[in-house]
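Student: One structure is given below, represented as structure tokens, and several questions about it will come after.
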Amino acid sequence: MKVIFEASDGRTVELYGNPYRLYHFEGFGDVYSETQMQRVPYQDGNTYVDSILQSRTITLELRINAKNESELVSLRSYLASVFNPKLGLGKLTRIIGDDIKEIECVADSLPFFPEGAGNRGRTFQKALINLTAPFPYWRSPEVMTEPLAAFLPRFRFPFRFPIVFGERGSQATLYNDGDVPCPIEIEFNGPAQLPIVRNVTTGEFIRVEKSLNVGEKLIINTSHGRERKVIIDKGNGEIENAFHYIDIWESTLFQLAVGENVIEYDAVASGGQAVVRISYRKLYVGV
């Protein structure tokens with residue numbers, strides 16, 4: 001297993017082999033949850049409402065191996081500078097063969113370097129790192145966008161992501177084999193009038209009460225928290241907040257349910273140029 005931490009400033013530490021060898025870890029699979037209940041007067045017991053996962057706590061124990069004392073000091077200093085809580089959220093990546101999972105986390109403190117003959121020597125130093133992942137789910141690697149044709153007469157397997165819809169009324173089946181529903185990012189490229197994307201499987205849809213001109217791009221991200229957004233990229237450097245164009249009375253910023261999702265796109269497009277891209281990252285409760 002290889003573990004890589006990337007700080008917000010782009011610097012990385014690879015915890016595999018030398019000079020940083022990971023020998024113990026906790027928190028990759030276990031995370032506490034809060035069970036929410038409700039009760040009405042005179043009810044025996046409670047009614048189950050939901051289970052909410054808490055932030056994930058991750059502990060990394062490693063050994064720094066150096067050629068000499070001078071290098072050991074340098075390696076300790078670098079480790080502390082990368083796992084610096086003041087840098088905010090970083091990205092922890094766990095790799096086993098072709099299986100790659102990622103999670104955002106922040107250091108709870110600077111690395112702890114214990115003293116004692118068994119913990120520190122002339123050319124080695126043990127270290128303890130405590131991390132907190134506010135969003136407790138591991139994610140599949142980022143889906144990369146690539147140029148695709150505007151029109152596809154039919155879908156062929158295997159799919160290449162993000163999926164591109166190039167016809168009015170296009171439909172595709174997306175499969176979420178993660179552990180929980182996952183958010184999606186939808187990118188409409190104009191021209192298009194009153195675009196709508198439906199999750200036929202769940203009955204949810206997102207309808208936009210806005211026409212897009214040539215060169216304009218509507219981007220909808222259905223994540224929770226700071227990643228959620230609805231914006232229009234005017235193509236000239238201007239970005240417009242577009243939440244108010246969503247039909248809030250009936251639309252839902254839906255996520256992909258676990259399993260099969262039939263996604264349908266429809267819009268009144270002019271000139272046969274409308275393109276829609278959908279991308280997503282699967283979520284896992286543990287690795």
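The values are calculated or read from the model by the stated rules, or taken from the named source; none is laboratory data. Here the structure is a predicted model, which is why all the values come from computation and not from measurement. Note: ideal-geometry Cβ built from the backbone for every residue, glycine included; neighbour counts use all protein chains shown. Note: areas computed on protein heavy atoms with side chains; ligands, DNA, RNA excluded. Shrake-Rupley method; radii C 1.70, N 1.55, O 1.52, S 1.80 Å.
Student: What are the pairs, 6+ residues apart or on separate chains, where a residue within the range 20-39 that is in contact (Cβ under 8 Å) with a residue 24 or more places away in the chain and closer than 22 Å to L92 by Cα has its Cβ under 8 Å from a residue that is among the basic types (K, R) and open to solvent by 40 Å² or more (accessible area, probe 1.4 Å)?
Tutor: Here the result reads Y20/R63; R21/R63; Y23/R63, each pair linking the range 20-39 to a residue that is among the basic types (K, R) and open to solvent by 40 Å² or more (accessible area, probe 1.4 Å).
Student: Which ones in the range 42-54 are open to solvent by 60 Å² or more (accessible area, probe 1.4 Å) and assigned to a loop (DSSP other than H, G, I, E, B)?
Tutor: Once the filter is applied, which keeps residues that are open to solvent by 60 Å² or more (accessible area, probe 1.4 Å) and assigned to a loop (DSSP other than H, G, I, E, B), the range 42-54 yields Y42, D44, N46, Q54.
Student: Spot the failing condition for F25; the list is (1) closer than 26 Å to W138 by Cβ; (2) of a type outside the set (A, V, I, L, M); (3) touching a Ser or Thr at 6+ places or on another chain (Cβ under 8 Å); (4) surrounded by fewer than 12 Cβ atoms within 10 Å (Cβ to Cβ), and only one is missed.
Tutor: (4)
Student: Report whether or not F5 is at pLDDT 95 or above and either under 29 Å from the mean Cα position of the chain (by Cα) or open to solvent by 70 Å² or more (accessible area, probe 1.4 Å) (or both).
Tutor: Yes, satisfied.
Student: Another question, then. List, please: which pairs have Cβ atoms under 8 Å, are six or more places apart or on different chains, and start with a residue in the range 57-82 that is within 11 Å of A127 (Cβ to Cβ) and end with one that is part of a helix (DSSP H, G or I)?
Tutor: Cβ pairs passing all conditions: I64/L72; I64/L75; I64/R76; I64/L79.
Student: Name the residues in the range 1-22 that are part of a loop (DSSP other than H, G, I, E, B) and either within 15 Å of W138 (Cβ to Cβ) or of a type outside the set (D, E) (or both), would you?
Tutor: M1, A7, S8, G10, R11, Y16, G17, N18, P19
Student: Let me ask something else about it. Of everything in the range 28-41, what is in a loop (DSSP other than H, G, I, E, B) and modelled with pLDDT of 90 or more? Give them in sequence order.
Tutor: Result: F28, R39, V40, P41.
Student: Can you name every one of the strands (runs of 3 or more DSSP E) wholly within the range 146-250 that holds 3 or more residues which are farther than 27 Å from Y284 by Cβ and either open to solvent by 10 Å² or more (accessible area, probe 1.4 Å) or modelled with pLDDT of 85 or more (or both)?
Tutor: 193-199, 229-233, 239-241
Student: Only one of E61, E34 is closer than 23 Å to I129 by Cβ and acidic (D, E). Can you tell me which?
Tutor: Sole residue among the options that is closer than 23 Å to I129 by Cβ and acidic (D, E): E61.
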